[in-house]
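The values are calculated or read from the model by the stated rules, or taken from the named source; none is laboratory data. These numbers were taken from a predicted model, which means no experiment stands behind them. Neighbour counts run over all protein chains shown; Cβ positions are idealised from the backbone, glycine included.
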Amino acid sequence: MKRALVLALVALLAACGEEQSELKQELKQLTKDLRGKVDPLPQVKPYEPVPYKGEGVVDPFRPERINVAQAGSAPSSGGPKPNFDRPKEPLEAFPLESIAMVGTLTQKKEYFALVKAGSNLYRVRKGNYMGQNFGVITSIDDNQIALKELVQDSGGDWVERTSSLQLQEVRK
């Protein structure tokens, strides 16, 4: 029985080999006239710079013009300015958008706000600084902290801007 099974398998394999050889011959016959053709690459045109020919117009790419414009926009000396000599408070390392007000606290008739920055909780009061724009706390109530920030405008002058932090609902 084993012998018959082995003979049957050998016969099947031989038949498969004959089919493949027929297929290979047919494929060879069909593809004998085919030749691959690759289109030539397109000709690359060399880069030609175009000179600026604005008649009666100042060349905006001339470096001297840029330096003159920068020198003419020096910030004025009037208006508020931040105190750079003051030691920084811990909350000035965080952007105001990343600080969250999470509660309020009254201690010895003084009103405090609890804020979360990073993984730490801080107690702040009126006059403390927070945020990266020299923000000083001007008032604290049950729902928000009001700040006065100093930011530079496009001309380089310092201008005051009011901001506030709203009380955040704490999720457990």
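Report every pair of residues separated by at least 6 positions or lying on different chains whose Cβ atoms are under 6 Å apart, first residue within segment 114-128 and free of Cβ contacts under 8 Å to residues at least 12 places away in the same chain and under 15 Å from PRO95 (Cβ atoms), second of a type in the set (S, T, N, Q) and exposed (fewer than 15 other Cβ atoms within 10 Å of the Cβ).
Qualifying pairs under 6 Å: none.
Inspect all residues belonging to segment 58-76 and state whether any of them is at pLDDT 85 or above and either surrounded by 10 or more Cβ atoms within 10 Å (Cβ to Cβ) or assigned to a loop (DSSP other than H, G, I, E, B) (or both).
No - not one qualifying residue is present in segment 58-76.
For segment 107-118, which positions are over 19 Å from GLU169 (Cβ atoms) and small (Gly, Ala, Ser)?
Answer for segment 107-118, where residues must be over 19 Å from GLU169 (Cβ atoms) and small (Gly, Ala, Ser): just GLY118.
Please give the number of the condition THR138 fails out of (1) out of contact with any Lys or Arg (no Cβ under 7 Å at 6 or more places or on another chain); (2) modelled with pLDDT of 90 or more; (3) at negative phi.
It fails just one condition, (1).
With respect to the numbered conditions (1) within 30 Å of GLN166 (Cα to Cα); (2) modelled with pLDDT of 80 or more, which one is the sole condition not fulfilled by PRO51?
Going through (1) within 30 Å of GLN166 (Cα to Cα); (2) modelled with pLDDT of 80 or more one by one, PRO51 breaks only (1).
Which of the residues that make up segment 1-48 are surrounded by fewer than 10 Cβ atoms within 10 Å (Cβ to Cβ), modelled with pLDDT of 80 or more and aliphatic (A, V, I, L, M)?
The answer is LEU30, VAL38, LEU41, VAL44.
Give segment 94-111 a look and list any residue that's touching a residue at least 24 places away in the same chain (Cβ under 8 Å) and in contact with a Gly (Cβ under 9 Å, 6 or more places away or on another chain), or say none.
PHE94, PRO95, LEU96, ILE99
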